[in-house]
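Working notes for the structure below.
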Amino acid sequence: MRDYKTIEINITGIVQGVGFRPFLYNLAHSLNLNGYILNTGNAGVRLMLQGSSESIKEFLSDIRKKKPEISFVEEIQINYIDIQDEFSDLEIKKSEEKCGISQSLPPDIAICEDCLKDMRNHQYKKYYNYPFIACALCGPRFTTVKKLPYDRERSTMIEFPFCQKAEPESCIQEYLDSKNRRFHAQTFACSVCGPHYTLYNKKRDLIHDDSIHLILKKTANMINKGKIIAVKGIGGTHIVSLADDETILKLRERKGERKNKPFALMVPHLKLIENELKITALEREYLISFRRPIVLLERKKPINNSIISNQVAPGLNNVGIMLPYSGIHHLLFDFIGEKPLIYTSGNKSYIPMAIENEDIFNQLHELVDAFLLHNRQIYQRADDSVLRIHDNKTKLIRRSRGFVPEYLPLPFKVNIKGALATGPELTTTGAVLRFNRIYPTQHIGHVTHLETYEFLKSSLFHMKNLLQIKDQEIEFIACDLHPEFITTKFGKELSTQFNVPLYPIQHHFAHILGLMAENRVESDEKIITISTDGVGYGDDGNVWGGEIILSSYTAYKRLGHLENQLMIGGDRCTKYPARMLASILLKQLKIEDASMIFNDLKLQNDLEYGERELKTLISQFREANHQFPSRNIPLTSSTGRIFDVVSYILGATNIKTYRGEPAMRLEGLASIGNPDNIKLKVNINKRNDVSIINSSKLILDIIELAKVKKNRPSDIAAKFQIELALAFANVAKEFAELYGIKKIGLTGGVAYNYSFAKSIKEEIQLEGLTFLEHNQVAPGDSGISTGQLIGGLFQHLNNK
Ligand SMILES: [Zn+2]
Ligand SMILES: [Zn+2]
Ligand SMILES: [Zn+2]
């Protein structure tokens, strides 16, 4: 047979439900290749192709280059086959019987350009202004699918059978026509057969349920008049309103708690905000991608007639922006006009976002003036994802819609069929291990309420079921080391339920393990990592959070840390930075000297119970002092607490109203400062070969600097971030030399701070060392469950 070759190709990854077969068909067709293409039962695509070597070569190189954006190719296996038969044509064959393990489900996909065109074409009756339009390349996936394999009957679309008669063609005709964009698409519908929106007032009386045109007009009118509306969407419910000062203040007042929490904005297009916010190429790429996350964009210098109110994100130097991703968003802008809108998750503080219409009414009736709800069930709740970019590296803050259920492939072979991790307690996720892949759940939140606990439980089990892991295949459970966490108790329950070992993994070691795996550190390699965050339960029972750690996948050693500080009153120090500052000062000064500083700073004003609380605090300290360190007063090496205190001293924060606020406000203040105007150095001491970064002196120095009029708080803030970063980097470098280690990493929630992270990175790279940073796993606590599974895995293999 001439120059003809026959090749069998097997592709795995996320290649089903993303229009992958039509893509391969068209590519093969354009290269004159014959043969066939089919979906195999277990999450892959198989091709048998015949043609010239040249064409086959081109085909292979084009797969990754030209594949649909939403697909993910993990592996391409090729076999040249020796056969005599010649294929006479090219076809997409019927899928193999769906059996085996299906591991391929894409995340929810933003509405595509073609569907948008159909939705705005007033001649295309069945789709005109119809918000649930979708096709094989777009629409909800993760939030609607109950089970795999991915088919309509296993999704919430089962309640909406395809129409048989509609103009110009019915949905069933579209579904069966191999030339149609909706060929074998599972989650589309039209106005004849699909779900619909209804508008209710806050008393649940019907306002409109007939024409979508009237519903949109009425909703837009209300929003333009300053009303606040709950809008049910793809993976949950948003609270939507204008983004002017007055409306935002009204919304904040109704929300009550966490009153300074930043809101995300949705804008119809990026031109609207380009004058005010910086957008790098990668940020733009994310914003317009099918994932449509909220991207934190940095503010430019203030301008006149700004359309972004300062009330959106008080005290911060960046604003969360997202673009419309479902039909209803685009339609609302069509009727409201071109302006930024508040699009924030429709939940009460600390409770997951409501997704059932009944719950939406109950949870939100005090917050909103009307409800725009649809009658399609949301099977899995998924909040909007949030991220920021540091020099082309992705820092996931909240990994949810548009990302879940994608997985992290591990850099080594694993023969474990299934394992579960329950995460930390705050901003948590769960995670599932299936062979060498880790699948984190969607963002869960703080597991401090029954509702969030139930959400964690159901998400974890949903992920296990999606991956078709049988109960008897679960080999171990991993959880946090903290004995009192609800998630640790949940881990214990699971371990009993499945009768398998439980591996508690130290918080910072879990952060580090996630970092190691995503940077594909080898299984016998060692690295040093700076792990800086707010709270992590340490081996010694203290609260860790400013750590320099030597680790492999199996073990870790604490090489250095921030000085231990007292937390008089425990967790109250986390909520009230003034209380944390009082604790730090009392530890190192005489009570009289500390009290003078309290007076200067009027510190009692920023405690919940004022003067009375300050007095109690001092007597608590007195009582404990003669047996220091006292069992009644916890110790912490948390970087987060030091950021809180500096933010407080410099006037960026008084009281914390949401997690991370003081540190974020400090970053906001520092962004307008010049560090070169300030002199500041951080001292490092050695105790029993462990390096201790002296935070007591650092805080006193900052108090002194702040007293001097010519020192601008913003300059001090900028200098502090850099000097503290350099102290960490220097300790890490010193030990890297001692141990002959070439890779130094950074992880933990403080790694979101751009200047802090950048200073460490530059210092490490200056020495020719490799800097490891996050790009796929979240630096914050939502990345912990991934690390727990890796830690558990290595302990389990050792025990076997
Ligand atoms: Zn589409
Ligand atoms: Zn239809
Ligand atoms: Zn952490």
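When you check Glu547 against the structure, is it at pLDDT 95 or above, open to solvent by less than 50 Å² (accessible area, probe 1.4 Å) and either more than 16 Å from ligand 3 (Cβ to nearest atom) or assigned to a helix (DSSP H, G or I) (or both), yes or no?
For Glu547, the condition - at pLDDT 95 or above, open to solvent by less than 50 Å² (accessible area, probe 1.4 Å) and either more than 16 Å from ligand 3 (Cβ to nearest atom) or assigned to a helix (DSSP H, G or I) (or both) - is not met.
Applying the selection to segment 519-538, what residues are in a loop (DSSP other than H, G, I, E, B) and within 15 Å of ligand 3 (Cβ to nearest atom)? Explain how you work it out, then say what you get.
Taking segment 519-538 as the starting set, the residues that turn out to be in a loop (DSSP other than H, G, I, E, B) are 519-526, 538.
Once the filter is applied, which keeps residues that are in a loop (DSSP other than H, G, I, E, B) and within 15 Å of ligand 3 (Cβ to nearest atom), segment 519-538 yields only Gly538.
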For this session: State whether the residues of segment 771-786 include one that is in contact (Cβ under 8 Å) with a residue 24 or more places away in the chain, in contact with a Pro (Cβ under 6 Å, 6 or more places away or on another chain) and among the charged types (D, E, K, R).
Result: yes
Seminar exercise, completed: Ile172 passes all but one of the listed conditions (1) of a type in the set (Val, Ile, Thr); (2) surrounded by fewer than 18 Cβ atoms within 10 Å (Cβ to Cβ); (3) at pLDDT below 95; the exception is number (3)
Exercise. Which one of Tyr150, Tyr197, Tyr130 is closer than 24 Å to Gly44 by Cβ, open to solvent by less than 30 Å² (accessible area, probe 1.4 Å) and among the aromatic types (Phe, Trp, Tyr)?
Worked result: Tyr150
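Give Gln506, Gln468 a once-over and let me know the one that is more than 16 Å from ligand 1 (Cβ to nearest atom) and on the phi > 0 side of the Ramachandran plot.
On the way: Gln506 fails: on the phi > 0 side of the Ramachandran plot.
Going through Gln506, Gln468 in turn, just one is more than 16 Å from ligand 1 (Cβ to nearest atom) and on the phi > 0 side of the Ramachandran plot: Gln468.
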Problem set entry | Selection status of Ile591, open to solvent by 20 Å² or more (accessible area, probe 1.4 Å) and either in contact with a strand residue (DSSP E or B) (Cβ under 8 Å, 6 or more places away or on another chain) or of a type in the set (Val, Ile, Thr) (or both) | yes
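Limited to segment 430-475, what total is found for residues that are aromatic (Phe, Trp, Tyr), more than 18 Å from the chain's Cα centre (by Cα) and at pLDDT 95 or above? I'd like the intermediate steps shown before the answer.
Looking only at segment 430-475, we keep the residues that are aromatic (Phe, Trp, Tyr), and these are 435, 439, 453, 455, 461.
Narrowing further to those that are more than 18 Å from the chain's Cα centre (by Cα): 435, 453, 461.
With the extra rule that they be at pLDDT 95 or above, the set shrinks to 453, 461.
So the answer is 2.
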Exercise. Within segment 427-443, can one find any residue that is over 30 Å from Ile111 (Cβ atoms) and among the aliphatic types (A, V, I, L, M)?
Worked result: yes
Problem set entry | Enumeration of residues in segment 358-412 that are over 19 Å from Ile294 (Cβ atoms), part of a strand (DSSP E or B) and open to solvent by 10 Å² or more (accessible area, probe 1.4 Å) | Leu408, Pro409
Seminar exercise, completed: Subset of segment 128-138, residues within 12 Å of ligand 2 (Cβ to nearest atom) and within 18 Å of Lys217 (Cα to Cα), comes to Tyr130, Phe132
Problem set entry | Qualifying residues in segment 737-756 (those that are surrounded by 22 or more Cβ atoms within 10 Å (Cβ to Cβ) and part of a helix (DSSP H, G or I)) - the one nearest to ligand 1 (Cβ to nearest atom) | Tyr752
For this session: Check whether at least one residue in segment 535-549 is of a type in the set (Asp, Glu) and either within 16 Å of ligand 1 (Cβ to nearest atom) or within 22 Å of Val777 (Cβ to Cβ) (or both), and report yes or no.
Result: yes
Problem set entry | Lone qualifier among Lys165, Lys218, Lys147, Lys202 - being of a type in the set (D, E, K, R), more than 16 Å from ligand 1 (Cβ to nearest atom) and modelled with pLDDT of 95 or more | Lys218
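The values are calculated or read from the model by the stated rules, or taken from the named source; none is laboratory data. This structure is a prediction, so every number in the text was calculated from the model and none was measured. FYI the Cβ positions are ideal-geometry reconstructions off the backbone, even for glycines, and counts take in every protein chain you see. To get the accessible areas, we keep the full protein, side chains included, count just its heavy atoms, and leave off ligands, DNA and RNA. Shrake-Rupley method; radii C 1.70, N 1.55, O 1.52, S 1.80 Å.
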